[in-house]
Amino acid sequence: MNNIEQNIQLEPLRQEHKEQFIKDMQISFQKTVAEEFGNRDELVLSEKDVIHSLRDDKSQAFRIIYNNKWVGGLVLSIDEKSGCNSIEFFYINPVTHSQGVGALAWQEVEKLFPNTKVWKTYTPYFEKRNIHFYVNKCGFQIVEFFNSFHKETHFPENEEVEMEDFFRFEKRME
C-alpha cells in the first residue's frame, strides 16, 4: 500500500459539517463551470438540490479526508435491495485535483458497498475532467447521451438546471 492510500478516508457526513459540505461542493462546481464558460453570478448548484439529495431515504453522504484534511465529498444513493446505486454528487477541492485522491476515494466507495451490482451517475458534456475520471480512472462506461434529440425523463422539470447535453455513465460490478 503506498503512502497516499494510507491517508484517504471516507467519513460519514455529520450534521455539524453539512453547511460547509454544501458550500465546498458549490465552490467546486462553480469553479468547473467558470473554467468552461467564464464566471457566473448565479450558483450552478443550488443548496436546495443538495439538501433534497441529502434528505432522500437512500442517501449516504461522506466527507473525503486526505492527510487529515477535508478535501471533498460524496452523496450516494444506495439501494440495498436492487444493488443499483448511484453517485448523486462527487466533488474534490480543485486544489487537490490531479493527485489521485478522487480515484482512491472511489476505490474506498467500492469497498464500502461490495454488494453493488451497478453504479450510475450523470455528468455534463463539457466536464472533460469528469468524463476522463469516470471512464479512464474508475472504469465507468458512457451508456446514454441526453440532448435536444434525446431528452432525460428521470429528473423533474427544474428551471435552474437544463438537463441537456449530459452523459449517463454505468459501471457494472458483476
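Nothing in this text is a laboratory measurement; each read-out follows from the coordinates by a stated rule. Because the structure is predicted, anything quoted here is derived from the model rather than measured. All Cβ positions, even for glycine, are placed from backbone atoms using ideal geometry, and neighbour counts span all protein chains on display.
Side notes on the structure shown:
- Separation of alpha-carbon centers, region 23-58 and region 92-140, rounded to whole Å: 17
- In terms of the mean number of neighbouring beta-carbon atoms within 10 Å, the peptides 23-29, 83-89 order highest first as 83-89, 23-29.
- Straight-distance crosslink candidates among lysines, where the alpha carbon sits under 17 Å from Lys31 and sequence neighbours closer than 8 are dropped: Lys23, Lys128
- Cβ-defined net charge surrounding His17, 10 Å radius [Lys, Arg +1; Asp, Glu -1]: -1
- Full-extension gain in nm, Phe145 to Val118, via 0.36 nm per residue minus C-alpha separation: 7.9 nm
- Converting phi to 3J(HN,Hα) with the Karplus coefficients 6.51, -1.76 and 1.60 and the offset θ = phi - 60°, region 125-142 yields 4, 7, 7, 4, 4, 5, 4, 4, 4, 5, 7, 8, 9, 10, x, 6, 10, 7 Hz in sequence order, with x at every glycine or proline.
- Here the peptides 58-65, 72-79 are ranked by packing, the mean other Cβ count within 10 Å, and the order with the highest first is 72-79, 58-65.
- Region 86-142: C-alpha gyration tensor shape, a/c 1.5 cut-off, then a/b vs b/c: oblate
- Förster-model FRET efficiency, 30 Å R0, Glu36 and Gln9, C-beta, rounded to 0.05: 0.45
- Choice from Gln30, Gln20, Gln141 with maximal GNM fluctuation in the chain (Cα, 10 Å cutoff): Gln20
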